[in-house]
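One structure is given here, and the rest of the page talks about it.
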Amino acid sequence: MKGSEAISAVPTNVITGALGVGKTTFIERLLREKPEHERWAVLVNEFGEVGIDGGLLKDPNQQGVFIAEVPGGCMCCTAGLSMQITLNRLIARAKPHRLLIEPTGLGHPAEVLATLQAPHYRDVIDVKATLTLIDARRINDALWLENASYREQMQVADAYMCSKADLYTGIENKLVHQYIDTQELNEKPLLMTFDSEQVNVLLEMPCAYQAVDCPVPAISLRKKSLSVSEQLATQDFVRLNNSGDGFTSFGWALAPHKRFDLHRVLKVLSEVSINRLKAILITYQGIFAFNIVGKEMDYQEIDESSDSRLEFISDDNTAAKQLAQQLEVSLFALVE
């Protein structure tokens with residue numbers, strides 16, 4: 001697919017899963033193991049407005065990978081307009097051999113699949129299996145069991161794969177099989193650990209879900225808001241928030257010359273307990289990516305980032321506002 005060659009039947013997989021389940025990490029691994037000569041495109045949607053996953057997936061040393069983001073909630077809102085505009089541009093730019101779509105953990109994959117199955121994509125996109133990731137340690141969490149979007153992810157999936165298997169203690173295999181049996185989903189493939197050959201087989205499976213109504217792009221008369229990067233071109237600090245479906249997000253972005261102190265960041269974030277927090281921060285000690293799920297935090301140094309960003313999601317609006325105030329006082333106010 002080079003030059004003016006027509007783009008057709010691009011194998012496309014939707015990768016779903018709950019907040020913090022490890023979708024971005026899973027896609028990172030897929031990208032590392034993609035055939036060297038192929039171009040892969042990734043469309044990422046986040047509930048928050050700031051957009052961090054795209055930065056986590058970008059590797060300056062990796063060739064043939066194209067990333068695009070749709071921040072600010074479900075990518076299918078307004079009849080899929082935001083998603084389709086970004087998707088069209090991504091496909092035209094990348095001319096990919098494979099397309100991966102990562103909806104927000106709070107999104108509705110059935111709507112994403114309906115958009116991909118719309119008539120105007122029929123010759124361009126070949127919708128393959130939807131993979132849903134499961135952190136088997138959390139399979140019985142009330143947040144998982146009672147959330148409609150999580151249940152939809154399990155129902156729509158063509159296959160399941162357990163994530164974070166290195167943290168399992170031995171009982172998780174039994175727990176996840178019990179849950180799948182209870183939900184009468186045991187006819188679908190389940191991988192307990194990442195195996196490249198088996199994952200590639202899953203990616204090539206057909207998509208069983210067939211949408212009844214495929215959305216038609218809506219005409220939006222709203223003025224296009226500036227992206228976070230565009231806002232940072234004229235100001236040093238951006239603060240955004242979003243809410244919906246019982247969740248609240250707060251996000252911040254800072255210009256690249258603003259530097260954090262790593263030791264202060266670690267001290268502040270080590271005391272955070274929240275549904276989900278992600279960050280890429282430029283510090284005096286290097287550039288680091290942070291992940292928090294509940295009380296679990298991990299971080300790693302990364303090669304580059306065009307700016308600093310932090311965003312969290314909470315199902316407790318009061319707690320979210322309190323944490324936002326705490327971070328602004330103990331972290332952002334001290335950045336030079």
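The values are calculated or read from the model by the stated rules, or taken from the named source; none is laboratory data. Just so it is clear, the structure is predicted and the values come from calculations on it, not from any experiment. No Cβ is skipped: glycine too gets one built from the backbone with ideal geometry, and neighbour counts run over all protein chains shown. Surface accessibility is based on the protein's heavy atoms, side chains included, excluding ligands, DNA and RNA. Shrake-Rupley method; radii C 1.70, N 1.55, O 1.52, S 1.80 Å.
Across segment 56-75, what is the number of residues that are under 21 Å from GLY251 (Cα atoms) and either at pLDDT 65 or above or in a loop (DSSP other than H, G, I, E, B) (or both)? Of the residues in segment 56-75, 11 are under 21 Å from GLY251 (Cα atoms) and either at pLDDT 65 or above or in a loop (DSSP other than H, G, I, E, B) (or both).
Scan segment 21-55 for residues that are at pLDDT below 85 and assigned to a loop (DSSP other than H, G, I, E, B) and the total you get is 6. Scanning segment 136-186 for residues that are among the acidic types (Asp, Glu) and more than 22 Å from the chain's Cα centre (by Cα) yields a count of 3. Take the residues of segment 277-325 that are without any contact (Cβ under 8 Å) to a residue 12 or more places away in the chain and among the polar types (S, T, N, Q): which is least open to solvent (accessible area, probe 1.4 Å)? Ranking the candidates gives THR318 first. Among the residues of segment 1-18, those that are at pLDDT below 90 and either out of contact with any helix residue (DSSP H, G or I) (no Cβ under 9 Å at 6 or more places or on another chain) or open to solvent by 10 Å² or more (accessible area, probe 1.4 Å) (or both) comprise MET1, LYS2, GLY3, SER4, GLU5, ALA6, ILE7, SER8.
Evaluating VAL238 against the criteria (1) modelled with pLDDT under 90; (2) of a type in the set (Val, Ile, Thr); (3) crowded, with 16+ Cβ neighbours inside 10 Å; (4) closer than 28 Å to GLN153 by Cα leaves one unmet condition, (4). Taking segment 118-218 as the region of interest, the strands (runs of 3 or more DSSP E) fully inside it that hold 3 or more residues being closer than 26 Å to PHE247 by Cα are 131-134, 159-162. Among residues of segment 273-305 being β-branched (Val, Ile, Thr) and in contact with a helix residue (DSSP H, G or I) (Cβ under 7 Å, 6 or more places away or on another chain), the one that is nearest to GLY251 (Cα to Cα) is ILE280. Filtered by the rule that a residue be at pLDDT 90 or above, in contact with a Pro (Cβ under 8 Å, 6 or more places away or on another chain) and open to solvent by 10 Å² or more (accessible area, probe 1.4 Å), segment 76-108 gives HIS97, ARG98.
Assess whether ASN147 counts as being under 26 Å from ASN275 (Cα atoms) and touching a residue at least 60 places away in the same chain (Cβ under 8 Å). Yes: the conditions hold for ASN147. The residues of segment 123-174 that are acidic (Asp, Glu), under 16 Å from LEU106 (Cβ atoms) and loosely packed, with under 14 Cβ neighbours inside 10 Å amount to a single one, GLU146.
A search for C-beta distances below 6 Å between a residue of segment 106-117 that is closer than 20 Å to TRP144 by Cα and any residue that is surrounded by fewer than 24 Cβ atoms within 10 Å (Cβ to Cβ) and at pLDDT 90 or above, counting only pairs 6+ apart in sequence or on different chains, returns PRO109/VAL156; ALA110/VAL156.
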